[in-house]
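Trainee: Next up is a structure, given as structure tokens.
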Amino acid sequence: MTTVVFTEKNKAAAQISTILSGGSAKRSIVDGVSVYEFQRDGSLWKIMGLAGHIMGYDYPEEFSNWRDVDPAALLDTDPVKKINKASFGSAILKISKGADLLVLACDFDREGENIGFEAKSIAEKVCNSTVKRARFSSLSKSEIEKAFNELVEPDENMAMSAEARQILDLKMGASFTRFVTLSVRERARTKGVLSIGPCQTPTCGFVYERELAIRKFDSRDFWKIEGVFTGKGADITGVHRGGHIYDKEKADVIFKKLKGCKTAVISKKTVKEMNTNPPFPLNTNEFLKRASKFLDVSPDKALEIAEQLYLSGFTSYPRTETNMYADDMDFASILKGFTKGDYQDFALLLLSQKAIVPRNGKKDGHDHPPIHPIKAGSRMEIERAVKMPRAWDVYDLIVRHFIANLLPPAIFEKTRFEITMEGELFDSTGSIQKNAGWLAVYPFEKPQDKILPELDLNEILAVKKITNIKSQTTPPKRLTEAELLTLMDKHGIGTKATAPSHIETNKKRGYFEVKGKTIAILDTGFTLMDALNSSVPILVKPDIRSSIESLIQDVEDGNKKFELALEEGTSLIKEMYSQLLSNRDLMVTRIAGTITDEAVEADKKNHVGKCSECERVLRIVSTDKGRFVGCTGYPQCKNTFPLPKTGALAVQRSRTCKKGGAAVLKVGSKYFWAVGIGPCFSCDMEKECYPPEIVGACPACDGQTFLITTKDSRFLGCTKRCGHTQSVPKNGRLTITDKVCEGCGWRLLRVKEQGKDAKEYCANRKCEVAAQMRSSYRKK
DNA sequence: GCAAGGTC
């Protein structure tokens with residue numbers, strides 16, 4: 001009798017083998033894959049760990065050429081399933097030959113069921129055995145033994161629901177991505193692919209919605225009345241209970257009434273002790289959010305580091321939905337590892353207690369325990385094991401979070417004064433940390449103490465100052481990665497293992513970027529979302545995922561046949577496709593325009609600025625016939641400006657034209673040119689934009705001489721334009737030094753010609769010292 | 001070259 005078991009990953013195979021064999025299992029390698037063999041109940045057992053999905057869907061070969069296939073045809077074609085990890089395929093065939101019993105023992109969820117069926121479909125080519133399912137929510141001894149003693153039937157509906165998801169996701173993703181990419185390419189050169197997907201698109205949609213809210217935001221003025229009061233020699237600030245007062249007159253009335261008041265009274269005083277509970281244990285999503293928020297480590301990197309920490313045995317499995325510990329979780333033996341080093345005080349404290357009780361959350365994904373440390377490691381050990389920047393910080397966060405969760409709440413004393421003045425109420429609150437509790441080990445969240453003076457009820461206060469401050473409401477802030485993850489989680493976009501990858505996809509596609517901690521949408525992303533939003537609004541919202549999800553849930557529950565779900569899902573996608581198709585022209589024009597504009601903006605050399613006539617951008621256009629500044633909106637927008645015919649052009653990003661020119665260009669090394677206005681030396685604003693480089697007092701009037709540089713000459717002129725000019729050397733680099741002529745007080749000029757020594761001299765023709773210098777120079 | 005889902 002031979003029993004063959006498939007698990008989702010090698011780790012589980014090893015663990016289960018140890019439990020079921022009592023430690024006697026022997027590992028062998030079949031086609032590079034580990035297989036654990038042992039005898040149990042008179043049967044030969046072979047347990048093999050897969051690597052997640054080993055099969056995947058793709059379109060048949062003849063559909064792989066984008067140009068030859070109408071993207072719509074993909075909707076009427078069923079993709080085919082293929083083994084994409086060949087070594088697993090052949091290993092399964094080898095170990096399954098002649099098996100009497102197949103046990104599917106993958107993770108207890110939809111994808112796990114499906115992965116088990118992948119192995120089953122391969123194994124059944126070489127054996128005709130009974131197939132059973134082992135269901136367990138953790139790899140603990142008791143649970144594994146129970147699962148294998150009470151094998152159940154595999155759940156085909158559950159497996160097929162994942163199958164439907166795969167097919168529908170691919171159909172939609174492939175057809176929409178090809179359609180949008182190819183359509184836009186007719187008008188603009190895209191950098192890569194413009195992809196659309198049931199997870200990535202709504203993820204970008206969240207960022208887009210926030211951007212819309214920011215752009216649409218209308219700032220409102222409000223007034224806030226604040227008072228500074230003095231009691232027992234200390235100052236205390238109170239805010240008028242009206243808070244933000246949007247009506248100026250109303251604020252004025254209150255302010256007028258209070259102005260000049262000398263005293264106020266404490267009309268109420270409350271002191272309350274408040275507890276702040278420790279955080280729930282870490283599931284993947286919470287871990288990623290905290291890594292981003294506290295450590296500034298991106299979700300993508302954080303998951304990768306956690307994976308490495310897990311593989312090197314320092315922390316537990318990082319992909320879990322569960323935020324509560326099992327009853328038999330052994331905290332003490334983990335804490336024993338931490339009785340030396342950074343966390344020793346907390347570990348010792350906890351170990352000295354009679355019981356160690358976590359503050360559990362309520363999510364049980366029946367998968368893995370919350371992320372927690374497995375063994376203690378020093379910074380050096382962690383850095384040696386995980387060669388990634390920030391590995392230690394991530395480990396430290398996991399350890400601190402683990403300990404914090406076990407510690408008592410932090411206790412604060414919150415004091416609130418109500419201050420009455422002329423019948424108007426002011427509030428002043430403060431809080432003092434009485435007991436740090438879990439916060440002591442968790443430096444990431446430090447509430448700041450605000451200490452109020454010890455004042456009594458009915459105490460009379462002197463009014464030090466009353467202010468009526470005008471302020472403005474501020475637009476919503478951009479999303480942080482942590483907030484985006486929260487939104488995705490809330491709307492069921494992606495899973496614990498894939499959420500970071502959807503964010504990464506959007507970055508890779510150039511739809512949004514992460515700037516510091518916030519996510520900024522890029523023009524391509526915004527325009528794409530905007531176009532989709534106006535043609536297929538469901539795509540930009542989480543609804544697309546949930547409508548597919550409810551279809552496949554019906555399959556899982558046995559309420560809908562797999563084929564019917566596929567059919568309904570496909571027609572849903574077709575409906576969206578036709579909406580997209582009917583808006584094709586508008587969409588393409590807008591996206592292609594934006595892509596062109598983004599490319600122009602990225603072309604630092606030729607990008608001039610925003611077009612004053614339309615929404616597009618101005619750039620330097622060079623043709624055989626000459627050059628000019630033109631708009632990317634041409635031919636709809638005919639906004640153009642002439643440029644000087646010769647001389648290298650350089651856009652001066654740091655300068656702005658005070659007359660409203662689109663940009664200031666530097667022409668060669670000679671002069672500036674304001675786009676739309678012309679050469680700066682002919683502009684009456686020149687002095688403001690480029691303050692004259694004063695050389696000295698004008699010999700002809702009470703003005704000052706300064707250096708004028710034009711296209712083809714340079715000379716000294718007068719700030720009062722009295723007509724006095726003086727020539728300066730034509731060749732060489734000319735600078736005005738800080739040295740001053742003893743004779744006339746003019747600043748000395750310095751001329752440096754290539755291959756010659758630099759020469760410093762006074763340029764004033766009326767200066768005697770200068771004249772002497774010139775004659776002595778000639779004599780030489 | 002398209003998706004999303006597993007895991008190494």
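The values are calculated or read from the model by the stated rules, or taken from the named source; none is laboratory data. All values derive from a computational prediction rather than experimental measurement. Neighbour counts are summed over all protein chains in view; Cβ atoms, including those assigned to glycine, are modelled from backbone coordinates with ideal geometry. These accessible areas exclude ligands, DNA and RNA; they are computed on the full protein's heavy atoms, side chains included. Shrake-Rupley method; radii C 1.70, N 1.55, O 1.52, S 1.80 Å.
Trainee: Highest mean first, how do A:399-406, A:21-28, A:291-298 rank when packing is the count of other Cβ atoms within 10 Å averaged over residues?
Mentor: Result, highest mean Cβ count within 10 Å first: A:399-406, A:291-298, A:21-28.
Trainee: Which trypsin sites (Lys or Arg not before Pro) in the range A:631-674 sit in a loop by DSSP (not H, G, I, E or B) and have at most 12 other Cβ atoms within 10 Å of their own Cβ?
Mentor: A:K638, A:K645, A:R653
Trainee: Any idea what angle helix A:156-185 forms with the longest principal axis of chain A, computed on alpha-carbon atoms, 0 to 90 degrees, nearest 10?
Mentor: Relative to chain A, helix A:156-185 is tipped by roughly 20 degrees.
Trainee: When every alpha-carbon pair in the range A:692-779 is counted, what percent end up more than 17 Å apart?
Mentor: On the way: 1835 of 3828 pairs.
Everything past 17 Å amounts to 48 percent.
Trainee: Still on this structure, I have one more. Given Cα positions, please report Rg to Rh for chain A, the hydrodynamic radius being the Kirkwood one.
Mentor: Taking Rg over the Kirkwood Rh, I get 1.10.
Trainee: Quick one: putting +1 on the C-beta of Lys and Arg, -1 on the C-beta of Asp and Glu, what dipole do you get for the range A:66-112 around its Cα centre, in Debye to the nearest 20?
Mentor: Numbers: 7 positive and 8 negative charges, 75 e Å.
Using Cβ point charges on Lys, Arg, Asp and Glu, the range A:66-112 gives about 360 debye.
Trainee: With +1 on the Cβ of every Lys and Arg and -1 on the Cβ of every Asp and Glu, and nothing else charged, how large is the dipole of chain A about its Cα centre, in debye rounded to the nearest 20?
Mentor: Here the size comes out at about 5160 debye.
Trainee: Now, a different point. If I model the range A:587-698 as equal point scatterers sitting on the Cα atoms and use the Debye formula, what is log10 I(q)/I(0) at q = 0.18, 0.22 Å⁻¹?
Mentor: Debye intensities relative to I(0), on a log10 scale: -0.90, -1.24.
Trainee: Let me ask something additional. Does the range A:339-391 come out rounded, prolate or oblate by the C-alpha gyration tensor, with a ≥ b ≥ c the root eigenvalues, rounded set by a/c under 1.5 and, if not, prolate when a/b is larger than b/c and oblate if not?
Mentor: Here the range A:339-391 falls in the oblate category.
Trainee: Moving to a separate point now. In cubic angstrom, how much convex hull volume per residue do the alpha carbon atoms of the range A:74-159 span?
Mentor: With only Cα atoms used, the range A:74-159 gives 123 Å³ per residue.
Trainee: Out of A:S571, A:V152, A:S24, whose Cα points farthest toward the positive end of the dipole of chain A (charges: +1 Lys, Arg; -1 Asp, Glu; placed on Cβ)?
Mentor: Of the options given, the answer is A:S571.
Trainee: Now, a different point. Which lysines have a Cα less than 23 Å from the Cα of A:K605, not counting those fewer than 8 places away in the same chain?
Mentor: By straight Cα distance, A:K605 reaches A:K191, A:K625, A:K638, A:K645, A:K658, A:K659, A:K666, A:K670, A:K711.
Trainee: For the range A:2-154, which whole-number percentage of the solvent-accessible area (1.4 Å probe, protein heavy atoms only) is attributable to carbon and sulfur atoms? Don't jump to the answer; show the numbers that get you there.
Mentor: On the way: 3370 of 6900 Å².
In the range A:2-154, the share of accessible area belonging to carbon and sulfur is 49 percent.
Trainee: Highest mean first, what order results for A:307-317, A:45-55 on Cβ atoms within 10 Å?
Mentor: Answer by packing, highest mean first, reads A:45-55, A:307-317.
Trainee: Something else now. Taking the range A:284-407, how much of its Cα-Cα pair set, in percent, is spaced more than 19 angstrom apart? Could the numbers behind the result be given before it?
Mentor: Values: 3448 of 7626 pairs.
Looking at the range A:284-407, the distances longer than 19 Å represent 45 percent of pairs.
Trainee: Assign unit charges at the C-beta atoms only (+1 for Lys and Arg, -1 for Asp and Glu), then state the dipole size of the range A:2-154 relative to its Cα centre in Debye, rounded to the nearest 20.
Mentor: 860 debye
Trainee: Restricting attention to the range A:410-491, which trypsin sites (Lys or Arg not before Pro) occupy a DSSP loop and are surrounded by at most 15 other Cβ atoms within 10 Å?
Mentor: A:K477
Trainee: Shape call for the range A:371-519 from the C-alpha gyration tensor, a ≥ b ≥ c root eigenvalues: rounded (a/c under 1.5), prolate (a/b greater than b/c) or oblate?
Mentor: It comes out oblate by the Cα gyration axes.
Trainee: Tell me which of A:S312, A:I356, A:F346 sits at the most positive position along the dipole axis of the range A:284-407, charges placed on C-beta atoms (Lys, Arg +1; Asp, Glu -1).
Mentor: After comparing all options, I get A:F346.
Trainee: What does the charge add up to near A:P635, with Lys and Arg as +1, Asp and Glu as -1, over the other residues with Cβ less than 14 Å from its Cβ?
Mentor: Taking every other residue near A:P635 into account, the sum is +2.
Trainee: Mind checking the per residue accessible area of chain A for me, 1.4 Å probe, whole number of Å²?
Mentor: It amounts to 50 Å² per residue over chain A.
Trainee: Over the Cα atoms of the range A:144-282, how large are the radius of gyration and the largest Cα-Cα distance (Dmax), in Å?
Mentor: 31.2, 85
Trainee: What fraction, in whole percent, of alpha-carbon pairs in the range A:2-154 exceed 25 Å separation?
Mentor: 32 percent
Trainee: Hey, what D do you get for the range A:212-285 in µm²/s if you plug the Kirkwood alpha-carbon radius into Stokes-Einstein at 37 °C and 0.692 mPa s?
Mentor: This corresponds to a translational diffusion coefficient of 194 µm²/s.
Trainee: Could you tell me which chymotrypsin sites (Phe, Trp or Tyr not before Pro) in the range A:176-257 are loop residues by DSSP with no more than 15 other beta carbons within 10 angstrom of their beta carbon?
Mentor: Here the sparse-neighbourhood loop sites are A:F217, A:Y246.
Trainee: Please work out how many pairs of lysine residues in the range A:284-407 are eight or more positions apart (or on different chains) and have Cα atoms closer than 21 angstrom.
Mentor: Lysine pair count for the range A:284-407: 10.
Trainee: A further question on this structure: Can you give me the C-alpha center-to-center distance between the range A:523-541 and the range A:130-170, rounded to a whole angstrom?
Mentor: If we compute the Cα centre of each part, the gap is 38 Å.
Trainee: Same structure again: In degrees, nearest 10, range 0 to 90: what is the angle between the Cα axis of helix A:562-582 and the longest Cα principal axis of chain A?
Mentor: Roughly 10 degrees, rounded to the nearest 10.
Trainee: Cα gyration tensor of the range A:473-591, axes a ≥ b ≥ c as square roots of the eigenvalues: rounded (a/c below 1.5), prolate (a/b > b/c) or oblate?
Mentor: The shape class here is oblate.
Trainee: Still on this structure, please answer the following. Once Lys and Arg get +1 and Asp and Glu get -1 on their Cβ, which of A:M172, A:W223, A:T237 lies farthest toward the positive end of the dipole of the range A:169-240?
Mentor: Of the candidates, A:M172 comes out farthest on the positive side.
Trainee: On C-alpha positions alone, give me the angle between the axis of helix A:391-406 and the longest principal axis of chain A, in degrees, nearest 10.
Mentor: 60 degrees
Trainee: Within the accessible area of the range A:284-407, what % is carbon and sulfur when the probe is 1.4 Å and the other protein chains stay in place?
Mentor: Result for the range A:284-407: 51 percent of the exposed heavy-atom area is carbon or sulfur.
Trainee: Ratio of Rg to Rh for the range A:22-77, alpha carbon only, Kirkwood?
Mentor: Details: Rg = 21.4 Å, Rh = 15.4 Å.
Dividing the radius of gyration by the Kirkwood radius yields 1.39.
Trainee: I've got another one for you. First compute the accessible area of the range A:692-779 with a 1.4 Å probe, then give the percent of it belonging to carbon and sulfur atoms.
Mentor: Reported share for carbon and sulfur atoms: 46 percent.
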